[in-house]
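Asker: Dropping the structure in here first, questions after.
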C-alpha cells in the first residue's frame, strides 16, 4: 500500500493515522463544546463544565464569557483570578496562571506554534507561566515559552515574546520594558465578577 505521496505504508501506519485522526476530531469537539459553554451567562455553570473538562480553577476565580481553550487539561488558574471576555487559553503545553491575576478582554496566550524553518512546518511547544498579581491588558498576546513575573503589567496590544521580570511594565510589539511597578507589596483581592459576563 502507498500513501498520498507514493510512500510505502504498513497496516500499523494506517491504524496509527486513523487513531490520530479520531483523537484530533475528539479534541476539536471538546474545544467546540467548551466554546458553546462559554456563551452561557452563568459563572457557576461555566466553571462546572470547565473543571469537568480538566481545567484547574482556584477558589474565587472566574472566567468571563466567550473564552476559547485548546487542550484544557493542561490549564491551571490560581485563586482569586479574573479572566476577561473572549480570551484564548492554550493548553497544548502547560499553562499556569497564578493567584490574583487579572486578564482583560481578548487576551491570547499560546504555548504552541509552527517552526517556520522546519521542512514540515512542525509544531513546537513550550510552557507559559504567569505569576501572581500580574495584569495582562486588553488584546495582549503571550507566545510560547514565556514566563511573566509576579506583579508584572502587560500593556494593551503588547506581544510578549520573552520572559518578563517581576513588577516590570511592558508594552509594544515585541514587548519591551517601559517602566516598573513601584508598589512591591501586593496583597489586594480582585473582587467579584460581573454577573452576566
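We did not get these values from a lab; they are worked out from the coordinates using the rules stated. Note that the structure is predicted; figures quoted are calculated from it, not measured. Don't worry about glycine lacking a Cβ; one is built from the backbone with ideal geometry, like all the others, and counts go over all protein chains shown.
Asker: Tell me the angle of helix 43-52 to the major Cα principal axis of the chain, expressed in degrees between 0 and 90 and rounded to the nearest ten.
Answerer: For 43-52 against the chain, the angle is about 40 degrees.
Asker: Exposure proxy check: 186, 15, 143, 89 ranked by fewest other beta carbons within 10 Å? Can you show the working numbers first?
Answerer: Values: 186 13, 15 10, 143 20, 89 26.
Listed from fewest to most nearby Cβ atoms, that is 15, 186, 143, 89.
Asker: Here's a follow-up. For the chain, what is the Kirkwood estimate of the hydrodynamic radius, computed as the reciprocal of the mean inverse distance between distinct Cα atoms, to one decimal in Å?
Answerer: On the way: mean 1/r = 0.0556 Å⁻¹.
Its Kirkwood hydrodynamic radius stands at 18.0 Å.
Asker: In a GNM of the chain with a 10 Å cut-off on Cα contacts, which of 23, 74, 111 has the highest mean-square fluctuation?
Answerer: 23
Asker: Also, quick follow-up: Tell me, Kirkwood radius of the stretch 118-193 from alpha-carbon pair distances, in Å?
Answerer: Numbers: mean 1/r = 0.0756 Å⁻¹.
After inverting the pairwise mean of 1/r, the radius is 13.2 Å.
Asker: Then there's this: Take the Cα pairs of the stretch 13-72, get the Kirkwood Rh, then feed it into Stokes-Einstein at 10 °C and 1.306 mPa s and tell me D in µm²/s. Don't skip to the end; give the middle numbers.
Answerer: Details: Rh = 12.6 Å.
Diffusion coefficient, whole number: 126 µm²/s.
Asker: Applying a 10 Å radius around every beta-carbon, put 170-177, 126-133 in order of their mean neighbour count, most first.
Answerer: Details: 170-177: 15.9, 126-133: 20.4.
Output ranking for 170-177, 126-133: 126-133, 170-177.
Asker: Quick one: Cα centre-to-centre distance for the stretch 33-70 and the stretch 136-197, in angstrom?
Answerer: Spelled out, the Cα-based centre of one part sits 22 Å from the other.
Asker: Pick from 51, 20, 68: which is most flexible by mean-square fluctuation in a GNM of the chain where alpha carbon atoms under 10 Å apart are linked?
Answerer: Per the Cα network of the chain with a 10 Å cutoff, 20 tops the list.
Asker: Looking at the chain only, what percent of DSSP beta bridges run antiparallel? Nearest 5 please. Spell out each step's value before the answer.
Answerer: Numbers: 8 of 38 bridges.
Given both bridge residues lie in the chain, the antiparallel proportion sits at roughly 20 percent.
Asker: Helix 11-37 versus the longest principal axis of the chain: what is the Cα-based angle in degrees, 0 to 90, to the nearest 10?
Answerer: 30
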